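Here's the structure we're looking at; comments come further down.
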Amino acid sequence: MKNLWIVLTVMALSAFSCSEPELVMSDGLNAQANGLYGLNSTGYKGGEGDQYTDFGENPFISASENPVSTFGVDADGASYANMRGYESDGYRIPPEAVRVEEFINYFNFDYPNPSSEHVSINSETAVCPWNTEHYLLRIGLKGKDLNGDRPPANFVFLIDVSGSMSGEDKIGVLKSGFKRLAEQLTENDRVAIVTYSGSVRVALEAVSGSETEQIKTAIDRLTAGGSTAGGAAMEMAYEIATDNYIEGGNNRIVLGTDGDFNVGVSSTDALIEMVQDFRELGVFLTICGVGHGNLNESMMEQVANKGDGSYEYIDNGDQIYKVFVQEYDKFFTVAKDAKVQLTFDPLFVDSYHLIGYENRALEDAEFENDTVDAGEIGASQTITALYQIVPGSRPSGSFGKLELRYKYPGQEQSRMLSHNLNNNRDEFLASSENMRFAASLAGFGMLLKNSEYRGDVSYDQVKEWAINARSYDPFGFREEYIELIDRVKQLD
């Protein structure tokens, strides 16, 4: 294992840069583009110094010319939490920070549990509320429940304690979050802690998850200061994770940082190549971003995507509780490299537009290639995708078929599920709460993104749709969203 780690480290250090979508650094100087509404108590301008990658928007595509649409699933909800953090500070979120699919997937939906497979599929069609000549196609996935049968976990908490992390909204909120996670562990689990600033330090050798007070004491001792050797720290975390590897368990690094790596391996391309090499060892990666002012969300989101992992943004104590307690089972991957392919029937679909998922697009031929990386689905996790459909010449009939490929964790050969696309074409107000709430979030995200496809949608409309779609709200997140709409409207 040690020799393999050395080889992978050399490969990561030799990574070279390649072209990628436009990197946008918010400068805080343009109120229209970056949400500047004055200074907060620290002198920070909204959006100043934060880095995002602008992936643009998916266009409408002719079904007769290109009937197949392929993408990897995205179960992250970080963009929504990031937006909420800007709002709480009195700033509008930069449009390039909005990923509409992550607004939708922040929330749980009332989808059926899988019966025999690890993932269930459902779909629904209704009139599009912001363009009534079009339809919305909703696709819903859900990972299987653990039903209390959690596999043992092997966690490495990788915590950024560099100078840029000082403050309660950064190192403070991370310490609270990791202590919450420690409280969920049992004697069957293991946890180690690695910290980094100018150098890398093992703050806690791997111990049993039952040693809660020892783990929390090690976290309490953390303080911020120094530069940021993030790449070297990630290498160390993977080495510890593989040394303590649990066969059949949840082997995962949980990284907490603002993404400001500035020593050693620090480029996004090099870090992506590093985690791509290490993910072959069966170690998953979750990145928790914090703070604003020098948030490198561009790097964190892309590295998490490529590292068999997920990206969360932690903006407050409630989000800590959501990620580390209420949705703890999401840390246990039940479907690996999940990807979706839709084949539209041109008789019933003139053109289609996938709302969001711009950075998850795949080539059609990659769908059957099991070596291609895609998204992970956690236990009990729901995932939603929306297509806006321009109807074809036939008034009724199936829009086409959906195929889902995914792997069981630890296996390299994918499984495939098929599903005929529902074409009930209900009036929007007669559609399910799942449809109406997803449409509200999509409309809200498109408003903040200044989307060219937002039609005549308004804040008042998205609020009304959400109000009438909240009977399923197990943790109160929908109610919070409804209250948030008015506050964002005032800023906008």
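Descriptive notes on the structure:
- Verdict on Asp74 being crowded, with 24+ Cβ neighbours inside 10 Å and acidic (Asp, Glu): yes
- Spans of helices (runs of 4 or more DSSP H) in segment 1-119 with at least 1 residues modelled with pLDDT of 90 or more, under 15 Å from Lys449 (Cβ atoms) and not hydrophobic (A, V, I, L, M, F, W, C): 78-88, 100-105
Residue-wise test of (1) among the polar types (S, T, N, Q); (2) touching a residue at least 40 places away in the same chain (Cβ under 8 Å).
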{"position": "Ile389", "(1), (2)": "no, yes"}
{"position": "Ser431", "(1), (2)": "yes, yes"}
{"position": "Phe437", "(1), (2)": "no, yes"}
{"position": "Gln461", "(1), (2)": "yes, yes"}
{"position": "Glu464", "(1), (2)": "no, no"}
{"position": "Tyr481", "(1), (2)": "no, yes"}
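- Members of segment 194-243 found to be among the acidic types (Asp, Glu) and over 29 Å from Thr268 (Cβ atoms), listed by number: Glu205, Glu211, Glu213, Asp220
- Residues satisfying the stated conditions in segment 393-438, i.e. within 29 Å of the chain's Cα centre (by Cα) and of a type in the set (D, E, K, R): Lys401, Glu403, Arg405, Lys407, Glu412, Arg415, Glu433, Arg436
- Hey, Thr242 in a helix (DSSP H, G or I), modelled with pLDDT of 90 or more and not hydrophobic (A, V, I, L, M, F, W, C) or not: yes
- The single condition among (1) within 17 Å of Gly356 (Cβ to Cβ); (2) surrounded by 17 or more Cβ atoms within 10 Å (Cβ to Cβ) that Lys463 does not meet is (1).
- Val325 of a type in the set (A, V, I, L, M, F, W, C) and more than 16 Å from the chain's Cα centre (by Cα): yes
- Each residue in segment 211-244 was checked for being surrounded by fewer than 15 Cβ atoms within 10 Å (Cβ to Cβ) and either without any contact (Cβ under 8 Å) to a residue 12 or more places away in the chain or farther than 27 Å from Leu295 by Cβ (or both), and 4 pass.
- Checking Asp258 against (1) surrounded by fewer than 20 Cβ atoms within 10 Å (Cβ to Cβ); (2) at pLDDT 85 or above; (3) among the charged types (D, E, K, R), the condition it does not meet: (1)
- Gln319 meets the stated requirement of being crowded, with 18+ Cβ neighbours inside 10 Å, under 15 Å from the mean Cα position of the chain (by Cα) and either outside any strand (DSSP E or B) or assigned by TED's automatic domain parsing to the domain that holds Asn122 (or both).
- Meets criteria (exposed (fewer than 14 other Cβ atoms within 10 Å of the Cβ), closer than 19 Å to Ser123 by Cβ, in contact (Cβ under 8 Å) with a residue 12 or more places away in the chain and not β-branched (Val, Ile, Thr)) for Glu427: yes
- Residue within segment 303-314 that is in contact (Cβ under 8 Å) with a residue 24 or more places away in the chain, touching an Asp or Glu at 6+ places or on another chain (Cβ under 7 Å) and surrounded by fewer than 22 Cβ atoms within 10 Å (Cβ to Cβ) present: yes
- The set of residues in segment 158-204 being surrounded by fewer than 22 Cβ atoms within 10 Å (Cβ to Cβ), small (Gly, Ala, Ser) and in a strand (DSSP E or B) consists of Ala203 alone.
The values are calculated or read from the model by the stated rules, or taken from the named source; none is laboratory data. This is a predicted model, so every value here is computed, not measured. Note that each Cβ is placed from the backbone with ideal geometry, even for glycine, and that neighbours are counted across all protein chains shown.
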